[in-house]
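No lab work stands behind these numbers, since they all come straight from the coordinates. As the structure is a prediction and not an experimental result, all values here were calculated from the model. Cβ placement follows ideal geometry from the backbone for every residue including glycine, while neighbour counts extend to all protein chains displayed.
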Amino acid sequence: MEQVTTEKLMADLRVVIGDAEDLLKATAGQAGAKVDEARARAQESLRAARERLQEAGAAADAGMREIDEQVRRNPWAAVGIAAGVGLIIGILLARK
C-alpha cells in the first residue's frame, strides 16, 4: 500500500480544483466533447482524492489505536513523556 502524505493529498486537491475549473470554463459556453472530457477528468480526480483521503483516515485511525493501546499498557510512561514534553515546551516558550 502506498504511503499517503500531506503533499500527495494537497497535489490531489490541486488536480481536483484544476479539473473543476476546466469543467466550469468548458460549460460556460459550450457543450459536447470538451464538456464530457472535463467531466470525466473531474470525476476521476475526485475518485482518486476520495480514495487517498480514506486511506489517510484509516492510517490515522490505526495510529491512534496503537497509541491508545501503548498508553493503556504503560500509563506512567505516558504521563512521564507528556510531562517531559510539557516541560520542554514551557522552557522554550519562556525563553522568548
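Observations on the model:
Residue-wise test of (1) within 26 Å of the chain's Cα centre (by Cα); (2) surrounded by 10 or more Cβ atoms within 10 Å (Cβ to Cβ).
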position: G57; (1), (2): yes, yes
position: D61; (1), (2): yes, yes
position: R65; (1), (2): yes, yes
position: Q70; (1), (2): yes, yes
position: A78; (1), (2): no, yes
position: G86; (1), (2): no, yes
position: I89; (1), (2): no, yes
position: L93; (1), (2): no, no
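- Considering residues of the stretch 16-39 that are over 25 Å from T6 (Cα atoms) and hydrophobic (A, V, I, L, M, F, W, C) only, the residue surrounded by the fewest Cβ atoms within 10 Å (Cβ to Cβ): A28
- Here the helices (runs of 4 or more DSSP H) wholly within the chain that include at least 3 residues being among the small types (G, A, S) and touching a Leu at 6+ places or on another chain (Cβ under 8 Å) are 33-73.
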